[in-house]
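The values are calculated or read from the model by the stated rules, or taken from the named source; none is laboratory data. None of these values were measured; they are calculated from a predicted model. No Cβ is skipped: glycine too gets one built from the backbone with ideal geometry, and neighbour counts run over all protein chains shown. Keep in mind that these areas ignore ligands, DNA and RNA; they rest on the heavy atoms of the full protein, side chains included. Shrake-Rupley method; radii C 1.70, N 1.55, O 1.52, S 1.80 Å.
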Amino acid sequence: MADHDVDLFVIGAGSGGVRAARVAASYGARVMIAEEYRVGGTCVIRGCVPKKLLVYASRFSDEFEDAAGYGWTVGESKFDWASLIANKDCEIARLEAAYTTTLERHNVQIVKSRAAIEDAHTLRLATGARIRAETVLIATGSRPHHGTPLAGEQHVISSNEAFHLKQLPKRVLVQGGGYIAVEFAGIFNGLGSEVTLVYRGEKILRGFDDDVREHLMRELGLRGIKVVTRKTVNGVEKVNNGFDVCLSGNEQIVVDLVMFATGRRPNVEGLGLEAAGVKISERSGVMVDPYSKTTVPNIYAVGDVTDRINLTPVAIREGHAFADTVFGGKPTAVDHSKVPTAVFSEPEVGVVGLTETQAVELLGKVDVYKTSFRPMKATLSGRDTRVFMKLVVDGETDKVVGCHIVGLDAAELIQAVAIAVRMGATKADFDATMAVHPTAAEELVTMREKAVSYGRAAAE
Ligand SMILES: Cc1cc2nc3c(=O)[nH]c(=O)nc-3n(C[C@H](O)[C@H](O)[C@H](O)COP(=O)(O)OP(=O)(O)OC[C@H]3O[C@@H](n4cnc5c(N)ncnc54)[C@H](O)[C@@H]3O)c2cc1C
């Protein structure tokens, strides 16, 4: 190994790269990590963390309104976008510094530069400097993708820019139906903007359980978000009073901000992957085996760049497993099943496991329990909102194979439910668990009536 400058070279200091670098270094590896933008990556700098801060900000308006029914008179409330963004930026800078310190404490050498692969053991930095590495980890993440080019695309922003707007737009059009689109629609709506959400499909949140998709669409409507489905943005033109957006079907809408959240693409371009022999999968992520090894034996890849499940905890787990495998002598494959996930919309969505459709396809014999009810808090506040919960149960084994929640704190709830689902808890286990009263969550252990019961035929 003497001819190598480092044992491990990590490209990208985001969720996956930072964890891999730190753990590999703790096993005694000499590690260098290259970052072309800011240490912390998407999650910390322009993803989960700043987004959740904006979500928190956006929810105060509901709280002020709801307080009246509980006897409070809240004085005139005023919101200042500039203060929110400045405070958010301070927190992000603090986190970036904390990530940097952690890496430095573990003797990981940070190079603030873009890096590319020259050959399986050689990395090239933007300065032209070359580094020899025994092992290479690609952890370059993903970036927003706007789909087919359209007239006026230069006027369209992505989530990256949304975090740095100079002012809160009065009228916003968000195109997309995934979690980022839905979350930003909720953020702008809560902060007082007039929001139109445009989605080409029939229902938002593709891939989620159908009942969840329908329930959330209704809830967004109740909050005043105009959800326009089966339409796309065909062009954007700058006009005197904002942007004139042309939708399919020749519908025009004038707004102050057009944001697309139409998907993300793995950052694979310009990395030298082809020359090194690293293959890309059909879905355009770096192809890897269960140990995150690419088609080149000493090159690995983790996180969004592999396009498996694009979430921070997954990238972190993959980075950790890679370090355990290669430097810790503990070969570890990440289990990508039963990964809980949340949408920080208003109201929140929390899900784990199979949707009703997936369960019927996979298992055939399936029982579904579901409930929709007015949460207690909405009684005195008078807010028109309902909670939705669904349990999908394997009809053969009685195991709960899916749980789907739309409502207050669904993200917090699903984390705990996911433990039970992962452990193979049965519906009988849920039923035997004492309720916590009065909560919304108690419905999870008190649903007794089957809403639907599917037979065997589909699987046979
Ligand atoms: C708006 C938004 C909200 C999100 N919300 C959530 C959420 O609530 N929960 C959740 O779990 N996930 C969320 N995600 C997804 C999450 O951020 C990603 O799954 C996660 O950051 C992936 O980690 P990663 O290590 O693969 O890549 P990243 O965190 O993207 O890190 C990759 C890093 O590599 C750097 N880089 C790229 N190319 C090079 C190069 N050639 N040389 C040097 N450096 C390079 C990039 O600058 C970046 O810093 C969100 C994403 C977005 C965009």
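Between F188, F163, the distinction of being closer than 25 Å to D256 by Cβ, within 12 Å of the ligand (Cβ to nearest atom), touching a residue at least 24 places away in the same chain (Cβ under 8 Å) and of a type in the set (F, W, Y) belongs to F163 only.
For segment 147-195: of the residues being of a type in the set (D, E, K, R) and under 26 Å from G41 (Cβ atoms), which is most open to solvent (accessible area, probe 1.4 Å)?
K166
Close Cβ contacts (under 8 Å, 6 or more residues apart or on different chains) running from residues in segment 34-51 that are without any contact (Cβ under 8 Å) to a residue 40 or more places away in the chain to residues that are more than 6 Å from the ligand (Cβ to nearest atom) comprise Y37/I45.
Annotation for segment 292-301: no member residue is in contact with a helix residue (DSSP H, G or I) (Cβ under 9 Å, 6 or more places away or on another chain), within 21 Å of I414 (Cα to Cα) and hydroxyl-bearing (S, T, Y).
Considering segment 1-36, and only residues there that are open to solvent by 20 Å² or more (accessible area, probe 1.4 Å) and outside any loop (DSSP other than H, G, I, E, B), the residue that is nearest to the ligand (Cβ to nearest atom) turns out to be S15.
Search segment 113-129 for residues being open to solvent by 30 Å² or more (accessible area, probe 1.4 Å) and closer than 17 Å to E36 by Cβ, and hand back the single one that is modelled with the lowest pLDDT. Show your work before the answer.
Of all residues in segment 113-129, those open to solvent by 30 Å² or more (accessible area, probe 1.4 Å) come to 114, 118-119, 121, 124, 126-129.
Within this subset, residues satisfying the condition of being closer than 17 Å to E36 by Cβ are 114, 118, 124, 126-129.
Values: R114: 98, E118: 96, R124: 97, A126: 95, T127: 90, G128: 94, A129: 95.
Among those that are open to solvent by 30 Å² or more (accessible area, probe 1.4 Å) and closer than 17 Å to E36 by Cβ, it is T127.
Can you go through V39, V136, V49, V55 and tell me which one is buried (at least 16 other Cβ atoms within 10 Å of the Cβ), among the hydrophobic types (A, V, I, L, M, F, W, C), within 14 Å of the ligand (Cβ to nearest atom) and over 30 Å from D289 (Cα atoms)? Just a single option satisfies the conditions, and that option is V55. G221: within 16 Å of the ligand (Cβ to nearest atom) and either among the basic types (K, R) or free of Cβ contacts under 8 Å to residues at least 60 places away in the same chain (or both), yes or no? Answer is no for this residue. Among the conditions (1) within 16 Å of the ligand (Cβ to nearest atom); (2) over 28 Å from Q175 (Cβ atoms); (3) surrounded by fewer than 17 Cβ atoms within 10 Å (Cβ to Cβ); (4) not charged (D, E, K, R), the only one that I110 does not satisfy is (3).
Across segment 22-79, what is the total count of residues that are out of contact with any helix residue (DSSP H, G or I) (no Cβ under 6 Å at 6 or more places or on another chain), closer than 30 Å to T102 by Cα and small (G, A, S)? Within segment 22-79, residues that are out of contact with any helix residue (DSSP H, G or I) (no Cβ under 6 Å at 6 or more places or on another chain), closer than 30 Å to T102 by Cα and small (G, A, S) number 5. Just one of the listed residues (G71, G75) is more than 14 Å from the ligand (Cβ to nearest atom), open to solvent by 30 Å² or more (accessible area, probe 1.4 Å) and at pLDDT 95 or above, namely G71. From the list E104, E91, the one residue that fits, being among the charged types (D, E, K, R), without any contact (Cβ under 8 Å) to a residue 60 or more places away in the chain and open to solvent by 80 Å² or more (accessible area, probe 1.4 Å), is E104. Pairing residues of segment 12-23 that are more than 12 Å from E318 (Cα to Cα) with residues that are basic (K, R) and near the ligand (Cβ under 8 Å from one of its atoms), at Cβ distances under 9 Å and at least 6 apart in sequence or on separate chains, gives A13/R38. Summed over segment 73-88, the residues that are free of Cβ contacts under 8 Å to residues at least 40 places away in the same chain and among the β-branched types (V, I, T) give a count of 2.
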